[in-house]
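**Q** Structure in structure tokens, see below.
The values are calculated or read from the model by the stated rules, or taken from the named source; none is laboratory data. In this text the structure is predicted, and so the values were computed from the model without any measurement. Glycine gets a Cβ as well: all are built from the backbone with ideal geometry, and neighbour counts include every protein chain shown. These area figures cover heavy atoms from the full protein model, side chains too; ligands, DNA and RNA do not enter into them. Shrake-Rupley method; radii C 1.70, N 1.55, O 1.52, S 1.80 Å.
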Amino acid sequence: MEELSVKSKIIKSVYFGQEDGRLRICFKNGEERLFEGVPSSEAHAMTVAPSPGHYYLDRIRTRFRRLAA
């Protein structure tokens, strides 16, 4: 997994697996979320969004399957 740079109030770090479309989001509160089937365009769009946290809530959390961490 490749670490993607992100500046966010709630997201600490983001990792994306180009080969399997897995997106791991590490939050500043210590929680982690892992999603599958995420296109690279969505992963990168989240990291450059004006608010990556809002992007996650609106575009990632509800659209992609979450895996047990």
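Per-residue answers, yes or no, for (1) outside any helix (DSSP H, G or I); (2) out of contact with any Leu (no Cβ under 8 Å at 6 or more places or on another chain); (3) open to solvent by 40 Å² or more (accessible area, probe 1.4 Å):
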{"site": "V6", "(1), (2), (3)": "yes, yes, no"}
{"site": "E19", "(1), (2), (3)": "yes, yes, yes"}
{"site": "L23", "(1), (2), (3)": "yes, no, no"}
{"site": "L34", "(1), (2), (3)": "yes, no, no"}
{"site": "G53", "(1), (2), (3)": "no, yes, no"}
{"site": "T62", "(1), (2), (3)": "yes, yes, yes"}
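**Q** With the checklist (1) in a helix (DSSP H, G or I); (2) touching a helix residue (DSSP H, G or I) at 6+ places or on another chain (Cβ under 7 Å) in hand, flag the one item L57 doesn't pass.
**A** (2)
**Q** If you go through region 34-54, how many residues are of a type outside the set (V, I, T) and either in contact with a Gly (Cβ under 8 Å, 6 or more places away or on another chain) or closer than 11 Å to I11 by Cα (or both)?
**A** Within region 34-54, residues that are of a type outside the set (V, I, T) and either in contact with a Gly (Cβ under 8 Å, 6 or more places away or on another chain) or closer than 11 Å to I11 by Cα (or both) number 9.
**Q** Continuing with this model, one more query. Please state which one of V38, V14 is open to solvent by less than 60 Å² (accessible area, probe 1.4 Å), under 10 Å from F64 (Cβ atoms) and in contact with a helix residue (DSSP H, G or I) (Cβ under 8 Å, 6 or more places away or on another chain).
**A** V38
**Q** Something else now. Where residues in region 41-51 are in a helix (DSSP H, G or I) and touching a residue at least 24 places away in the same chain (Cβ under 8 Å), which of them is surrounded by the most Cβ atoms within 10 Å (Cβ to Cβ)?
**A** The selected residue is M46.
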